Amino acid sequence: LRIPSRSDAPASRYLTDPDDPKYFKPTTRGPWSTTLALTIDDDLKETSMRETDIQCEFFVPLEHAKAAVRAVAAVASAWDFSAPHSSEGGGAKGLVDAFEFRCVQGDGAWLSPCPVDSLGLHTSFNADPARRDEVLAGVAALEAALAPFGVRAHWGKLSAATPAATAESYGDGLRRFRELCAAHDPDG
């Protein structure tokens, strides 16, 4: 997997009409604070997302990227997806609103979900309470499919991992963090 170099060339807007293509300048490689993903409205202006969703994101070592994407595709092949929507609303809501894939540089932090260069696999699920059980099953299925690749969940997003699985995944880093907490805040 190759991370492309910075480019200022316009890119086709996601789900644009092929007969009337819209373009924008995508975010690119660089510090997280300057490369956050944009949501683009019909006038190609940055906007906030208007839909409420439930998010999960899992990280696998970059060396497993191709197999991990195939595993996610196999799980997701049975799901329904939201139809394209615009700033004017519309479109049918499916179980999944969006998938995103990110390359993340590894670091040495004790509790980092990315101790090595990793692929982040993000899913935005429908937040309709009537679909809650499907969402929870979907998150568990994604995590199980990625388990052979050393998956780690994003700390701030939905995960099906048990405390024991999380402890095993973070190993010595979690042990060191717990020791630090016990030394400096023994009463929790």
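Summary table
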{"read-out": "Among the residues listed as A92, A71, the single one being modelled with pLDDT of 85 or more and either open to solvent by less than 60 Å² (accessible area, probe 1.4 Å) or not β-branched (V, I, T) (or both)", "value": "A71"}
{"read-out": "Enumeration of residues in the range 74-89 that are at pLDDT below 90, of a type in the set (A, V, I, L, M, F, W, C) and open to solvent by less than 60 Å² (accessible area, probe 1.4 Å)", "value": "A83"}
{"read-out": "Cβ pairs under 8 Å, 6+ apart, first in the range 155-179 and hydrophobic (A, V, I, L, M, F, W, C), second part of a loop (DSSP other than H, G, I, E, B)", "value": "W155/L111; W155/P113; L174/W110; L174/L111; F177/W110; F177/L111"}
{"read-out": "Which listed residue is surrounded by 15 or more Cβ atoms within 10 Å (Cβ to Cβ), more than 17 Å from A74 (Cα to Cα) and in contact with a Cys (Cβ under 9 Å, 6 or more places away or on another chain), from A127, A165, A160", "value": "A160"}
{"read-out": "Among the candidates F101, F177, residue that is open to solvent by 70 Å² or more (accessible area, probe 1.4 Å) and closer than 21 Å to A71 by Cα", "value": "F101"}
{"read-out": "Check on A137, part of a helix (DSSP H, G or I), open to solvent by 40 Å² or more (accessible area, probe 1.4 Å), without any contact (Cβ under 8 Å) to a residue 24 or more places away in the chain and over 15 Å from F59 (Cα atoms)", "value": "yes"}
{"read-out": "Neighbours by Cβ (under 6 Å, 6+ apart or cross-chain): first from the range 53-71, closer than 14 Å to A144 by Cα and without any contact (Cβ under 8 Å) to a residue 60 or more places away in the chain; second among the acidic types (D, E) and assigned to a helix (DSSP H, G or I)", "value": "none"}
{"read-out": "Those residues of the range 104-117 which are touching a helix residue (DSSP H, G or I) at 6+ places or on another chain (Cβ under 6 Å) and either within 17 Å of A68 (Cα to Cα) or in a strand (DSSP E or B) (or both), in sequence order", "value": "D117"}
{"read-out": "Selected residue (criterion: nearest to V60 (Cα to Cα)) from residues of the range 122-134 that are touching a residue at least 12 places away in the same chain (Cβ under 8 Å) and either of a type outside the set (V, I, T) or part of a loop (DSSP other than H, G, I, E, B) (or both)", "value": "H122"}
{"read-out": "For Y170: the one exception among (1) within 17 Å of A71 (Cα to Cα); (2) open to solvent by less than 50 Å² (accessible area, probe 1.4 Å)", "value": "(1)"}
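The values are calculated or read from the model by the stated rules, or taken from the named source; none is laboratory data. Keep in mind that this is a model prediction, so the values were computed, not measured. So basically every Cβ, Gly included, is an ideal-geometry build from the backbone, and we count neighbours across all protein chains shown. These accessible areas exclude ligands, DNA and RNA; they are computed on the full protein's heavy atoms, side chains included. Shrake-Rupley method; radii C 1.70, N 1.55, O 1.52, S 1.80 Å.
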